[in-house]
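Worksheet: the structure to be examined is printed underneath.
A short reminder: the numbers here are calculations on the coordinates, not readings from a lab. Only a predicted model underlies this, so the values are computations on that prediction, with no experimental measurement involved. Neighbour counts are summed over all protein chains in view; Cβ atoms, including those assigned to glycine, are modelled from backbone coordinates with ideal geometry.
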Amino acid sequence: MTISDFEIRHNPEENRFQIEIESHLAILKYQLDGGTIVFTHTSVPDELGGRGLGSKLARTGLDYARTQGLSVHPLCSFVAAYIDKKPEYQDLLKSG
């Protein structure tokens, strides 16, 4: 199976987006603060590293923010770097 065969699942009860592959779990954690989603941490197990899962999680979280009309505050350095490289998401950044 390839990475594209696995789906990212939104788990609002745990405030995270996640992808489970075998016994490993990659996650993007967030907190909601009014009309802002604060991305706090991205974690990809070493066993799953180098497969683009972090980027896939970041893209999913940012797309979710857009569809929900949320601004984004990327406390997570991975998500902040992802937004820096992707101009199409920079309009989501919380100003101020």
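Along segment 23-29 the Karplus relation, 6.51 cos²θ - 1.76 cosθ + 1.60 evaluated at θ = phi - 60°, assigns HN-Hα couplings of 9, 10, 10, 9, 9, 10, 8 Hz to successive residues, with x for each Gly and Pro. Size of the chain: Rg and Dmax of its alpha carbons, in Å, are 12.9, 44. A crude spin-label estimate for the pair ARG51 and THR36, with each label 7 Å from Cα along the Cβ direction, gives 3.4 nm. Around the Cα centre of the chain, unit charges on the Cβ atoms of Lys, Arg, Asp and Glu (plus for the first two, minus for the last two) sum to a dipole of about 320 debye.
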